[in-house]
Amino acid sequence: MLTNARSAIRRAVVLLASVAVLAGCAGPTTTSLLLPPPPGEDIRSGLTKVAIASGRFPPKFEIVDGPAKGAGQGAARGALLGAAYTIGGASLAGPIGLVASTFLVPVGAVGGSIVGGVTAEPAAKVEERVAAVARSLSPRTIQNDLVNRAAETGREQTSGAFTVMAATSAVTLNGRAEYRSLVEDGIRTVLEISVIELALRGRTAEIDPSLNLAMTVKTRLLRTADDAELYKSSLTYSGGRGRTLAEWLDDGALLRAEIDRATEIVAEKIVDEVFLVVPFPRPVKH
Amino acid sequence: MIRRLVPLVFLPLAACAAPLDVAGLRPLAPEPYRHPPKLHSLQPELRWESFPRPTDLKTDRSGWVSRVRHVTYDLRIWRGSRDPYGYQEVYPAELVYSRTALAMPEHLVEIELAPDTQYLWSVRARFELDGQSRVTPWGVLLVPGHSVVDDPRSVSVPPRSYYRFVTP
């Protein structure tokens, strides 16, 4: 009897761990987790006249872990959620509840799969909504808004002179940017700011999850004389207030407001990092 | 047996009751605890360490701290909202108060904040270094066991780990 109970608890723990991995750990992902140190004062001393260039490509847009597409996917997610809720609820009753949950899990899973199968939207409808959200975004505007905001913040916060480069300037035939011609205008450095990706992120196991805006932005500081890279970093805005895909689509102003907020926060962070922040001295480790 | 259980029970409780470590200028009032302190006023008086701190002068091997001039402080307060990802608990949803160039490391909030609301706040020093405007990083909590997203140098913005308080 005791062996059975231990085995049941072990199974429940394994199942809970699996559910936690599938459902709870699907947070925002980033390629590099920490920022590099800000540019040194030797580099910053040359940042009196800076040109800011935007990305010359539309940012990738995707829905990550979005709504279940169709009854099949809805039923699968519902089954997982049903099982997880059954174990979670039963575990509140202690070890006896956990033992009981091993018998109730199939019931929870079947119930969840029925609910999931019924409530999930047809795949075509979800795809249509994703396409509609993508169409509502203006990639060129998003890139331009970010560089304009960064230039504005730079002018407010520093004594440097900031010029926003025209989108068509300084691009070579192969599409790569080339800034050496700016030397003649007295511009020694270019700050490239590119929105790489926009995403609405949810959680894997939910049928119609709440989606948060994520905006990934790459920054490079380049010396115009030889196009040498002086500094580079990548930032990800991770939004707080989530909405379902249908809610984001129903009110386009909400998504635009969230992108504006992301733009403001990212622009300020870039200006802080490149031009202003001096880290505290670190204690020497013996 | 009971003697062995005492530290097991009380050490975690003591850890919860101790103020947290921070990265940045340390709040002096309210102090930084894991659970946000409940204040007595809707217009709180906030205080924090001045810059440069004795430890900055002591550990400054390159000598830049001694060249710091004209130190002032930037203060921000955000209304907090629950973070959907859970592990970060509270998100700085809306910037409700901002002051720059405060001369002293303290400030009496000049507006009435909303009652029974969790707020996040942070400060940084603004100063001149060799004639150029510079700032220290915004202060954040270092909550034990939190994810790398809460690291002060995280690529994820905005930070979730600003200092906190709850209004009465």
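The values are calculated or read from the model by the stated rules, or taken from the named source; none is laboratory data. Since the structure is predicted, the reported quantities are computational estimates derived from the model, not experimental observations. Glycine also receives a Cβ, built like all others from the backbone with ideal geometry; neighbour counts cover every protein chain displayed. Side chains included, ligands, DNA and RNA excluded: accessible areas come from the protein's heavy atoms. Shrake-Rupley method; radii C 1.70, N 1.55, O 1.52, S 1.80 Å.
Do we find that residue A:213 is closer than 30 Å to residue B:126 by Cα and either within 26 Å of the chain's Cα centre (by Cα) or modelled with pLDDT of 90 or more (or both) in this structure? For residue A:213, the condition - closer than 30 Å to residue B:126 by Cα and either within 26 Å of the chain's Cα centre (by Cα) or modelled with pLDDT of 90 or more (or both) - is not met. Among the residues of the stretch A:29-64, those identified as within 12 Å of chain B (Cβ to nearest Cβ) and among the acidic types (Asp, Glu) are A:41, A:42. If you go through the stretch A:219-231 and pick out every residue that is over 29 Å from residue B:78 (Cβ atoms) and within 14 Å of chain B (Cβ to nearest Cβ), you end up with 0.
Is it fair to say residue B:28 is assigned to a strand (DSSP E or B), open to solvent by 50 Å² or more (accessible area, probe 1.4 Å) and not charged (D, E, K, R)? It is true that residue B:28 is assigned to a strand (DSSP E or B), open to solvent by 50 Å² or more (accessible area, probe 1.4 Å) and not charged (D, E, K, R).
Only residues that are of a type in the set (D, E, K, R) and either in a helix (DSSP H, G or I) or in contact with an Asp or Glu (Cβ under 6 Å, 6 or more places away or on another chain) (or both): list them for the stretch A:238-252, please. Correct list: A:247, A:250.
When restricted to residues that are modelled with pLDDT of 95 or more and within 9 Å of another protein chain (Cβ to nearest Cβ), the stretch B:159-168 contains 0.
Checking each residue in the stretch A:235-247 for being buried (at least 20 other Cβ atoms within 10 Å of the Cβ) and more than 14 Å from chain B (Cβ to nearest Cβ) picks out only A:245.
Strands (runs of 3 or more DSSP E) fully within the stretch B:50-152 that include at least 1 residues being in contact (Cβ under 8 Å) with a residue 24 or more places away in the chain and more than 14 Å from residue B:162 (Cα to Cα): B:68-82, B:90-102, B:106-108, B:118-129, B:132-135. For the stretch B:102-116, filtered to residues that are open to solvent by 60 Å² or more (accessible area, probe 1.4 Å) and hydrophobic (A, V, I, L, M, F, W, C), the residue that is nearest to residue B:33 (Cα to Cα) is B:108. A count restricted to the stretch A:221-251 and to residues that are under 19 Å from the mean Cα position of the chain (by Cα) and within 19 Å of residue A:146 (Cβ to Cβ) stands at 8. Within the stretch B:117-130, is even one residue within 22 Å of residue A:32 (Cα to Cα) and either within 9 Å of another protein chain (Cβ to nearest Cβ) or open to solvent by 60 Å² or more (accessible area, probe 1.4 Å) (or both)? The answer is no; no qualifying residue exists. Determine if the stretch B:58-79 includes at least one residue that is open to solvent by 60 Å² or more (accessible area, probe 1.4 Å), in contact with a strand residue (DSSP E or B) (Cβ under 7 Å, 6 or more places away or on another chain), within 14 Å of chain A (Cβ to nearest Cβ) and closer than 30 Å to residue A:243 by Cβ. Within the stretch B:58-79, one or more residues are open to solvent by 60 Å² or more (accessible area, probe 1.4 Å), in contact with a strand residue (DSSP E or B) (Cβ under 7 Å, 6 or more places away or on another chain), within 14 Å of chain A (Cβ to nearest Cβ) and closer than 30 Å to residue A:243 by Cβ. If you take the residues in the stretch B:132-145 that are within 9 Å of chain A (Cβ to nearest Cβ) and not β-branched (Val, Ile, Thr), which one is least open to solvent (accessible area, probe 1.4 Å)? Applying the filter and picking the extreme gives B:134. Given the structure, is residue A:195 at the interface with chain B (Cβ under 9 Å from one of its Cβ atoms) and either open to solvent by less than 20 Å² (accessible area, probe 1.4 Å) or among the acidic types (Asp, Glu) (or both)? Judged against the criteria, residue A:195 is not a match.
If you go through the stretch A:198-234 and keep only what is farther than 18 Å from residue A:266 by Cα and open to solvent by less than 20 Å² (accessible area, probe 1.4 Å), you end up with A:202, A:205, A:209, A:211, A:222, A:224. If only residues of the stretch B:133-146 that are at pLDDT 95 or above and not hydrophobic (A, V, I, L, M, F, W, C) are counted, the one that is farthest from residue A:48 (Cα to Cα) is B:139. Filtered by the rule that a residue be under 22 Å from residue B:92 (Cβ atoms), among the small types (Gly, Ala, Ser) and open to solvent by 10 Å² or more (accessible area, probe 1.4 Å), the stretch A:248-286 gives A:253, A:257.
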